[in-house]
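Notes for the one structure printed next.
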Amino acid sequence: TGMRVAVVGAGVSGLAAIKCCLDEGLEPICFEQSQDIGGLWRYTEHIEAGRPSLYPSVISNTSKEMSAFSDFPFPEHFPVFLPNALFLDYLRRYAEHFNLREHIRFGTTVVSIRKLPDSAITEQWSVVTETGGKQTSHICDAVMVCSGNFSEPSLPLQSFPGIERFRGQYFHSQQYKHPDVFQGKRVLVASRVAAKVTISTTRGAWLLSRVFEHGYPWDMILNTRFMSLIKTNLPAPLSWWLINYKVNQRFNHENYGLQPEKSWQVREPILNDDLPSYILTGRITIKPGVKEFKDNSVLFHNCPEEEPIDIVVFCTGYIVSFPFLEESMVRVENKHASLYKYVFPTHLQKPTLAVLGLIKPFGAIMPVAEMQARWVSRVFKGLCQLPPQSVMEKEVNEKKKNQVQWFGLTFDEVLKTEWLVYLDTLASFIGAKPSVLGLLFTDPWLALTIFFGPCSPYQFRLRGPGRWEGARQAILTQWDRVLKPMRTRVPAGSSSPFPSLLIVMAFLLLLAAVIFGFQ
């Protein structure tokens, strides 16, 4: 029999973990406490303990081409940004196509995961689960934790003086389902991001629209190898200026009260298409941080007058929590899990425990979780090796220090990383990083598309383990799938968006990048 791998959770990360285990000849057994797949993307009217919650109108922040699993594109007729119901439909199609459901045990809660005391060499695990009130113990060779990080809300009421005497209603954003409760009310959204709404933001935030330059999806314009090369090679002050310039193109953040206090810090942008117009029309007012709550009002910093408030919605994030693991297995300090490449605990003698999806990349999470699963399954199998413990711990500490400098120190910030750089790093571990230089001489059109076009997940199926024959075609037709649901009317005589001169210029730019050291 093959190596038995326990997978905790059947959301995005869990499905990717099952599929990648099967690709490597491992034997996954997935435990899902609910009765269906989907995790965060499966809407339920009632909040279930231990499960993430969303409201019916949630739409994905990342486009379908950038959010797809690398060997399973979204249907071309799906909209570019997906309502949660269609996202769940895609996950169900994925599970059906690769026969993943037969490896999932639904209605099964993981109670505890403990290392077997007599398995110092093999590092086997005892996984205790509960189904219908009955507990069962499973012996597994490895564990992938895919339980997500949006299940346990963080509600630091002690950070909001006077909240105990506030007579209105307040709750965490996890509990929000429908807007009816806000009808005719004065609402305070505490943190960054109907009635009149006041948003209190202590540090400010960058705001982006899903619709970017020329009406294309933001992530297909910004997440390219060309843009990444520019960002990573520019001097820091110039890079910060460029970021400020880009995010202020649509509107001036300072005029709208949204400019981050430390604008040089690269904060994750908020994706919102409507906020600027709501501010312009007076439906939303931006305020500084909360100083104190009164009986039926709130006092803001640097604001002498109290503001009447009926309801407070706390958008204060979530807590990193692994209740089924011993604290020593995944060390969490200051809401930061010390994991090598955000995946592996650094102190285990043998890497047989991995955490997937505990990361906030500047892009879609699905390709990241899948790449993590591809790497982890090969580490479990012994085909990829991790560095010595001292090297991993040093990198974790340096990464944390750098992120404190760039982002600050909150749960959200310490999990952030550059999307493309991270994907390339893991892809290089398994031999799946595309070679732009090699393709430049063997398939120049594909090389141009990969370098200047969006870094869609299909790029990581062109070579290496798990190579997919349809990857090239998926890359070259990605814009067709973007335009398909929108071009319901095409004017006669419309021309190609890629004139020959532009193609020649792009080729020369790519050649220059290769000559000056691009790898």
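The values are calculated or read from the model by the stated rules, or taken from the named source; none is laboratory data. What you see is a predicted model; the values in this text were computed from it and never measured. Here the Cβ positions follow ideal geometry from the backbone for every residue, glycine too, while neighbour counts run over all protein chains shown.
Out of 96, 164, 102, 123, report the one residue that is under 25 Å from residue 352 (Cα atoms) and in a helix (DSSP H, G or I).
From the options 96, 164, 102, 123, the qualifying one is 102.
Just give me the residues in region 291-316 being touching a helix residue (DSSP H, G or I) at 6+ places or on another chain (Cβ under 7 Å) and either surrounded by 19 or more Cβ atoms within 10 Å (Cβ to Cβ) or in a strand (DSSP E or B) (or both), in sequence order.
293, 311, 313, 314
Yes/no matrix, rows are residues, columns are (1) assigned by TED's automatic domain parsing to the domain that holds residue 124; (2) at positive phi; (3) at pLDDT 90 or above; (4) surrounded by fewer than 18 Cβ atoms within 10 Å (Cβ to Cβ):
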position	(1), (2), (3), (4)
328	yes, no, no, yes
341	yes, yes, yes, no
353	yes, no, yes, no
356	yes, no, yes, no
361	yes, no, no, no
367	yes, no, yes, no
370	yes, no, yes, no
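Restricting region 17-38 to residues that are touching a Cys at 6+ places or on another chain (Cβ under 8 Å) and part of a helix (DSSP H, G or I), which is surrounded by the fewest Cβ atoms within 10 Å (Cβ to Cβ)?
Checking each candidate, the answer is 18.
Take residue 13 and tell me if it is out of contact with any His (no Cβ under 8 Å at 6 or more places or on another chain) and not in a helix (DSSP H, G or I).
no
Restricting attention to region 143-159, does a residue exist that is touching an Asp or Glu at 6+ places or on another chain (Cβ under 7 Å) and either part of a strand (DSSP E or B) or polar (S, T, N, Q) (or both)?
no
Find the helices (runs of 4 or more DSSP H) located wholly in region 222-280 whose residues include 2 or more that are farther than 20 Å from residue 209 by Cα, modelled with pLDDT of 85 or more and within 23 Å of the chain's Cα centre (by Cα), and list them.
Output list reads 225-233.
List the number of the failed condition for residue 284; all other conditions in (1) in contact with a helix residue (DSSP H, G or I) (Cβ under 6 Å, 6 or more places away or on another chain); (2) buried (at least 16 other Cβ atoms within 10 Å of the Cβ); (3) modelled with pLDDT under 85 hold.
(3)
I'd like the full set of residues that are exposed (fewer than 15 other Cβ atoms within 10 Å of the Cβ), part of a helix (DSSP H, G or I) and at pLDDT 90 or above, limited to region 180-214.
Residue satisfying the conditions is 180 alone.
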